[in-house]
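Chemist: One structure coming up, written as structure tokens, with questions to follow.
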Amino acid sequence: MACYSLRVVAGDLNTIVVQTGKSVNRQTARPEVPKEPEPPFLSDTSLLQVRDLQTKILQPASFSLAAGECIAVKGPSGAGKTLLLRAIADLDPNQGLVRLEGRDRSAIPGPEWRRLVGYVPAEPGWWAETVGEHFRDWTAATAVLAKLGFPEEAKSWPIARLSTGERLRLALVRALIIRPKVLLLDEPTATLDAASVATVEDLIATRLRAGLAVLWVTHDAGQARRIARRQLAVEAGSVQEEIGRWPVTSP
Amino acid sequence: MASYIALSYLDLALASVLVLIDAGLSLIFGLKIHRNLLIAAIRMTVQLTLIGVVLTALFSLVSPLWTGLAVLAMILFAGQEVMQRQDRRLSGWWSFGLGTGCMMMSSVLVTAFALLTAIRPSPWYDPRYAIPLLGMILGNCMTGIALGLNTLSTSLMLRRASVEAQLMLGATRWDAAAPVTRDALRSALMPTINSMSATGLVSLPGMMTGQILSGVPPVEAVKYQILVMFLIAGGTGFGAVAAVLGGVYRLTDARHRLRLDRLAAPQAV
């Protein structure tokens with residue numbers, strides 16, 4: 001169930017990959033360096049690069065994410081986890097540098113960016129009456145939906161009668177079939193039973209092996225350990241990578 | 001126009017007793033509206049007397065400049081009214097500018113269309129035709145735009161999750177806001193549709209009854225009323241579409257984000 005990072009950014013895990021405020025590389029920083037060169041973590045090796053991403057509430061956050069890598073995001077409620085994901089998906093006004101495969105986000109139109117960097121919120125929205133109307137390509141969706149236990153007839157189910165757990169899983173599939181390169185998940189299993197949690201983790205793990213990169217917000221330390229080898233901690237709007245205690249176990 | 005009966009000030013004074021009776025009822029039942037009622041009645045009397053004087057002057061001048069200024073003043077008052085009818089206004093100049101701009105565009109356009117094609121007074125800007133016509137179109141356009149913009153901002157807030165869900169899946173701002181846009185346009189045009197279907201059965205429009213009272217044969221008055229109804233439908237339609245699309249444009253941005261932060265804080269009641 002562990003999700004393997006295909007490439008560890010900037011050499012090894014103890015290299016600073018996530019910082020707030022000034023970007024300083026621990027390995028290369030010397031006490032009196034007059035001019036800091038470009039932070040090395042912005043090399044072209046990672047899929048998603050985030051530098052000094054900030055909003056009115058979010059303090060500057062920097063990290064990068066490789067293809068096939070999963071980072072768990074933890075932190076108390078209201079700390080800014082959702083704001084971080086929304087800022088990356090460019091749903092709120094924000095400043096900073098975000099790059100995908102070396103392409104600057106500002107050079108990519110918003111709708112195209114969100115197809116490349118998918119975001120599944122904790123409470124997904126619905127704009128039509130039935131399940132089927134929310135999927136652009138129902139045939140593509142059925143295969144994935146079947147894995148999560150949805151029958152073919154689910155297409156005509158009214159949204160109003162779905163449970164919270166069903167909605168979460170449908171929203172996940174809705175985002176997956178667009179085939180994003182990065183997926184931002186906001187507590188995708190919060191209201192699911194143990195069996196469904198395992199199925200969802202399995203599904204994402206399969207996609208990770210195929211090269212998808214994932215930021216996964218979870219309150220469950222056990223889940224964080226199962227799905228990710230790196231972890232971001234968000235607290236009072238500041239985003240930092242937890243280093244040392246992580247990874248807890250090698251896969 | 002032989003059957004036109006002029007009113008004396010004594011006639012009006014007699015009718016005003018009815019308002020005083022209303023005020024008396026308010027006192028008896030403790031409604032506490034007698035003050036507002038009297039102020040409103042006085043305002044109405046003063047405003048209409050003034051407009052009577054202004055119109056007399058305008059009609060005798062037949063000046064494009066003064067007619068234009070009167071039209072501008074009417075549109076600015078209507079813009080103020082649109083702004084006042086919003087639960088949540090757009091922030092900054094947009095709250096006044098958007099509604100006012102759209103009303104100006106559509107009501108002037110439709111009035112000019114009627115003056116140049118159907119009515120054709122000489123000169124075409126003769127205030128005796130231009131001002132009442134514009135007033136009727138503007139009044140309805142104002143109601144439509146106020147309703148449309150109010151529905152737009154409140155439903156964008158209520159249905160934020162559904163609009164953003166579409167944005168998250170790569171929809172453009174126009175596609176994501178389409179259901180809300182449709183609702184806003186429907187509510188903007190509903191009063192016009194309702195009044196067209198009820199006219200003649202439930203209500204006799206003021207303009208038509210006014211013409212009949214002043215001696216115009218009913219069939220001729222009806223023709224005028226039908227023309228005015230079409231003009232109102234057109235003016236409200238253009239104005240509402242422009243205002244609602246302008247509202248969607250303002251409440252989203254070039255990165256296709258929903259920008260509810262561009263609504264001003266709710267007003268203290």
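Chemist: Report the net charge of residues surrounding A:Pro109, where surrounding means a beta-carbon distance below 15 angstrom and charges are Lys +1, Arg +1, Asp -1, Glu -1.
Modeler: +2
Chemist: Hey, what's the per residue convex hull volume over the C-alpha atoms of the protein assembly as shown, in cubic angstrom?
Modeler: Once divided by residue count, the hull of the protein assembly as shown is 233 Å³.
Chemist: Pull up the DSSP beta bridges for the protein assembly as shown and report the antiparallel fraction as a percent, rounded to 5.
Modeler: Bridges in the protein assembly as shown that DSSP calls antiparallel: roughly 55 percent.
Chemist: Next question. Just from its helices, what would the mean residue ellipticity at 222 nm be for chain B, if runs of 4 or more DSSP H residues each count -39500 (n - 2.57) and the sum is divided by every residue, rounded to the nearest 500 deg cm²/dmol?
Modeler: Rounded to the nearest 500, the figure is -25500 deg cm²/dmol.
Chemist: What order, most packed first, do the peptides A:153-159, B:66-72, B:238-244 have when packing is the mean number of other Cβ atoms within 10 Å of each residue?
Modeler: B:238-244, B:66-72, A:153-159
Chemist: Separate question: For peptide B:170-180, how many partner chain Cβ atoms fall within 10 Å of a residue's Cβ, on average?
Modeler: The shielding value for this peptide is 3.
Chemist: With a Förster radius of 30 Å, plug the Cβ-Cβ distance of A:Ser106 and B:Ala161 into 1/(1 + (r/R0)^6) and report the FRET value to the nearest 0.05.
Modeler: My answer for the efficiency is 0.70.
Chemist: Follow-up question, since we're still on this one. Taking neighbour Cβ counts within 10 Å as the exposure measure, how do A:Trp138, B:Trp124, B:Trp93 sort from fewest upward?
Modeler: Arranged by neighbour count, lowest to highest, A:Trp138, B:Trp124, B:Trp93 become B:Trp93, B:Trp124, A:Trp138.
Chemist: While we're here: Hey, could you get me the Stokes-Einstein D for the range B:178-242, Kirkwood radius over alpha-carbon pairs, 25 °C and 0.890 mPa s, rounded to whole µm² s⁻¹?
Modeler: Answer from the Stokes-Einstein relation: 188 µm²/s.
Chemist: Also: Exposure proxy check: A:Arg179, B:Arg262 ranked by fewest other beta carbons within 10 Å?
Modeler: A:Arg179, B:Arg262
Chemist: Highest mean first, what order results for A:130-136, A:65-71 on Cβ atoms within 10 Å?
Modeler: Result, highest mean first: A:65-71, A:130-136.
Chemist: Here's something else I'd like to know. Between rounded, prolate and oblate, where does the range B:1-110 land on the alpha carbon gyration tensor, with a ≥ b ≥ c its root eigenvalues, rounded for a/c under 1.5, else prolate if a/b exceeds b/c?
Modeler: Oblate shape, in that a/c is at least 1.5 and b/c is the bigger or equal ratio.
Chemist: Rounded to the nearest whole Å³, what is the per residue volume of the convex hull around the Cα atoms of the range B:1-61?
Modeler: 98 Å³
Chemist: Using only atoms on other chains, find how many Cβ atoms lie within 10 Å of each Cβ of peptide A:103-113 and report the average.
Modeler: Neighbouring Cβ atoms belonging to other protein chains average 3 per residue here.
Chemist: Can you give the mean number of other chain Cβ atoms that lie within 10 Å of the Cβ atoms in peptide B:159-167?
Modeler: Across B:159-167, the average partner-chain Cβ count within 10 Å equals 6.
Chemist: Specify which residue in the list B:Leu147, A:Val50, A:Leu192 is farthest towards the positive end of the charge dipole of the protein assembly as shown, using unit charges on the beta carbon of Lys, Arg (+1) and Asp, Glu (-1), about the Cα centre.
Modeler: Of B:Leu147, A:Val50, A:Leu192, it is A:Val50.
Chemist: What FRET efficiency comes out for the pair B:Thr209/B:Arg128, r = Cβ-Cβ distance, R0 = 22 Å, nearest 0.05?
Modeler: Calculated transfer efficiency: 0.70.
Chemist: Ranking request for peptides B:9-19, B:188-198: highest mean number of other beta-carbon atoms within 10 Å first, then the rest in descending order.
Modeler: Highest-to-lowest ranking by the protection proxy: B:188-198, B:9-19.
Chemist: What are the residues whose amide H is under 5 Å from the amide H of A:Val239, where those residues sit 5 or more places off or on another chain and H is modelled from the backbone?
Modeler: Amide H neighbours of A:Val239, under 5 Å, 5+ apart: A:Gln59.
Chemist: What are the residues whose amide H is under 5 Å from the amide H of A:Leu192, where those residues sit 5 or more places off or on another chain and H is modelled from the backbone?
Modeler: none
Chemist: On the principal axes of its Cα set, how long, how wide and how thick is chain B? Give whole Å, largest value first.
Modeler: 69, 54, 39
Chemist: Taking other Cβ within 10 Å of each residue's Cβ, how do B:Met83, B:Met157 sort, fewest first?
Modeler: The order, fewest Cβ neighbours first, is B:Met157, B:Met83.
Since every read-out is calculated from the coordinates, none of them should be taken as a lab result. Predicted model only: the values in this text are computed from it and were never measured. Please note: Cβ atoms are built from the backbone with ideal geometry, for glycine as well, and neighbour counts cover all protein chains shown.
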